[in-house]
Amino acid sequence: MAIKMQPLADRVLVHPIDEKEVKKGGIIIPDSAKEKPQEGEVVALGTGKLDDKGAKIAFTVKLGDRVLISKYGGTEVKIDGESYLIMREDDILGVLG
């Protein structure tokens, strides 16, 4: 997936992964009742954060990682008709294995 967007500093571009429409019991959830996704896939990394001495701090996430994000974290952006979240790496709660 080629994204025409490069985040800056310690920001990460995440593609939210929507919940499945049908739950285990076979109940279909309408779009209006769905919660905001809390999982996503990292699709772009920024240029990196600098420490006090000017050295770059490495990212703890990498491209393709499935991550857990806070429910209302990040800023929603649309790129080529797709919705993405741009957020600081600190706003990512964890990497899903």
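Coupling constants for region 63-77 follow from the phi torsions by the Karplus curve (6.51 cos²θ - 1.76 cosθ + 1.60, θ = phi - 60°), and in residue order they are 4, x, 5, 8, 10, 9, 10, 5, 4, 10, x, x, 10, 7, 10 Hz; glycine and proline get x. Residues whose amide H lies under 5 Å from that of Glu39, counting only those 5 or more places away or on a different chain, are Ile17, Ile69; hydrogens are built 1.01 Å from N in the peptide plane.
Taking other residues whose beta carbon is less than 10 angstrom from the beta carbon of Ile3, and scoring Lys, Arg as +1 and Asp, Glu as -1, yields -1.
A short reminder: the numbers here are calculations on the coordinates, not readings from a lab. Small disclaimer: the values here were computed from a predicted structure and weren't measured. Quick reminder, even Gly has a Cβ in these numbers, built from the backbone with ideal geometry, and neighbours come from all protein chains shown.
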